[in-house]
1. Considering only the other residues whose Cβ falls under 14 Å of the Cβ of Thr111, what net charge follows from Lys and Arg at +1 and Asp and Glu at -1?
2. Per residue of segment 201-207, what does 6.51 cos²θ - 1.76 cosθ + 1.60 with θ = phi - 60° give for ³J(HN,Hα)? Whole Hz please, x for Gly and Pro, Karplus curve as stated.
3. Only counting other Cβ atoms within 10 Å, I'd like Glu207, Glu226 sorted with the fewest neighbours first.
4. To make sure I understand, if each residue's beta carbon is the centre and we count other beta carbons within 10 Å, what order do Asp125, Asp201, Asp206 fall in, fewest to most?
5. Within 10 Å of each residue's Cβ, count the other Cβ atoms and sort Asp179, Asp138 from fewest upward.
6. Between beta-carbons, use under 13 Å as the cut-off and find the net charge around Gly188, counting Lys and Arg +1, Asp and Glu -1.
7. Where does the charge balance sit around Leu175 when Lys and Arg score +1, Asp and Glu -1, over other residues with C-beta under 11 Å from its C-beta?
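Values in this text are rule-based calculations from the coordinates and carry no lab data. Computed from a prediction, not measured in an experiment: that's the story for all the values here. Methodologically, a virtual Cβ is constructed for each residue, glycine included, from the backbone with ideal geometry; neighbour enumeration extends over all protein chains shown.
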Amino acid sequence: PLVAPVAPGAGARPGTPSARLIGALAAILVVGVLAAVLAIVLGGGDDGSGRDTAAVTAAAQVSTPGGVPPAGGESAGTTPSVSPSASPRSISTPSPTRAVEPRILYSGRVTLSDAGGSGGSFDADTPSNSMAVLDGGDFKITTSGYFTGDGGSLAPTSAVDYPTCHAASGFGLALRAADLRAGLQLCGNTSEERTVGITVDGFQGDERGRPTSVTFSYTTWARPDES
């Protein structure tokens with residue numbers, strides 16, 4: 001009887017070269033599928049829009065300062081809004097309190113002389129028309145040739161109003177003739193603790209530089225407890 005020829009590969013039995021080829025192809029296909037799945041898992045996969053989500057995330061990180069993705073739903077490349085801080089309240093500083101001027105007790109113009117070299121003193125706690133040259137007053141020309149305090153004291157000043165003289169310092173001033181000039185302003189305290197403002201109107205001195213007479217205008221204010 002005649003036998004029909006068998007086509008190559010048909011009815012191949014396991015172990016033949018054809019079976020081995022098919023098994024190798026199947027193994028390659030399985031490895032390829034596993035590799036694709038692993039790539040999707042490790043790389044973030046595809047977001048369904050055809051874009052690689054890992055690449056999108058990397059781009060967002062680059063566009064944000066420091067590589068940090070924008071927070072709070074803010075789009076990349078925009079500057080987060082910052083609420084302006086409340087401006088601090090201004091603090092008012094009270095101005096220094098000036099002394100309230102009390103009433104004037106005495107005022108006038110006096111010429112104080114050393115009375116022939118024996119010295120003289122003026123009491124600013126009394127009216128000028130009754131006490132021009134005294135012993136034991138408040139301001140005097142000393143026998144050694146100074147215009148200074150006696151029972152009272154003198155201090156330099158830039159003004160002879162009550163607040164300035166009431167707050168004056170540097171008492172104990174003693175002036176020679178060279179220190180005196182018309183218009184010189186002085187503050188004084190009396191022996192009865194009153195405030196005095198003095199303006200020198202003129203003076204005379206001897207050859208040794210000692211003042212022999214001083215003419216000045218003065219104002220004596222009452223103490224606060226006398227007002």
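1. On the way: positive: Arg109, Lys140; negative: Asp114, Asp201.
Value of the local net charge: 0.
2. Going residue by residue, I get 9, x, 7, 9, x, 9, 5 Hz, with x marking Gly and Pro.
3. Glu207, Glu226
4. Asp206, Asp201, Asp125
5. The most exposed by this proxy come first: Asp179, Asp138.
6. Numbers: positive: Lys140, Arg194; negative: Asp123, Asp125, Asp138, Asp150, Glu192, Glu193.
That works out to -4.
7. Details: positive: Arg176, Arg181, Arg210; negative: Asp179.
For residues surrounding Leu175, the net value is +2.
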